[in-house]
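Each remark here refers to the structure printed beneath this line.
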Amino acid sequence: MRRLLATACLTAAIAAASAARSQEASPPVPADKPAAAPSAPAAGMGEAVTVEMKAQDGSSRGTVKITPTPNGLLLEANLSGFGKGTGDRIHGFHFHQTGKCEGNFESAGGHYNPTNKEHGYLSANGPHAGDMPNFVLADDGTARFAVFNPMVRMTGGEAPLNDTDGTVIMIHGMADDYKSAPAGMAGERVACGVVFKAS
Ligand SMILES: [Cu+2]
């Protein structure tokens, strides 16, 4: 068996050598490593944007920076102006479907859900593309946190924020329970920020 294998290897080596000789005049075959390409951004990538969050009276509640990555969006929130808050100070945080922050923010519609899932991380058929984890306010009414949402993109893919009617980020007065349809019982809409305006 071993001898047979050795013979086979030798035969292959001879064949390879003769093939190499016959190709001497040809240009070299490219290696398996791709040639260095110009550093074009991956699909769905683009510039980071900073979204200003505003209360219903128009006053600022800080910012959320959104950085596109090849596999989703990284959100970095730097919030303020929420006062002492109430209860456990846990607040729902979502993308909503319409790029409009007016009045009591019902203008923004429901959760961004272009793939027709059910609401919540705890739902068997969830979550919405716009679902994100709750955050907790500090004693001074500020919050700093980061969250990665792998379901959405700025443009392209099955859940682009830059669709025909835009998208907002919404903060609720209460916690998202991660399961109740359609929006996790998160209560009042206390701050809203336009990512892409409704056209
Ligand atoms: Cu919401």
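Rule-based calculations on the coordinates, nothing more; no lab input. In this text the structure is predicted, and so the values were computed from the model without any measurement. A quick note on method: Cβ atoms are made from the backbone with ideal geometry, for glycine too, and the neighbour counts reach across all protein chains shown.
The table below gives the values:
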item: Options Leu122, Leu137; residue that is aliphatic (A, V, I, L, M) and under 23 Å from Gly72 (Cα atoms); result: Leu122
item: Residue in region 107-118 that is over 15 Å from Thr167 (Cα atoms) and free of Cβ contacts under 8 Å to residues at least 40 places away in the same chain present; result: yes
item: Search result, residues across region 134-154 that are of a type in the set (D, E, K, R) and either surrounded by 15 or more Cβ atoms within 10 Å (Cβ to Cβ) or in contact with a His (Cβ under 8 Å, 6 or more places away or on another chain) (or both); result: Arg153
item: Residues of region 104-122 classified as in a loop (DSSP other than H, G, I, E, B), within 15 Å of the ligand (Cβ to nearest atom) and either surrounded by fewer than 20 Cβ atoms within 10 Å (Cβ to Cβ) or within 11 Å of the chain's Cα centre (by Cα) (or both), total; result: 6
item: Single residue of region 160-192 satisfying the filter (surrounded by 22 or more Cβ atoms within 10 Å (Cβ to Cβ) and more than 11 Å from the ligand (Cβ to nearest atom)) that is nearest to His96 (Cα to Cα); result: Thr167
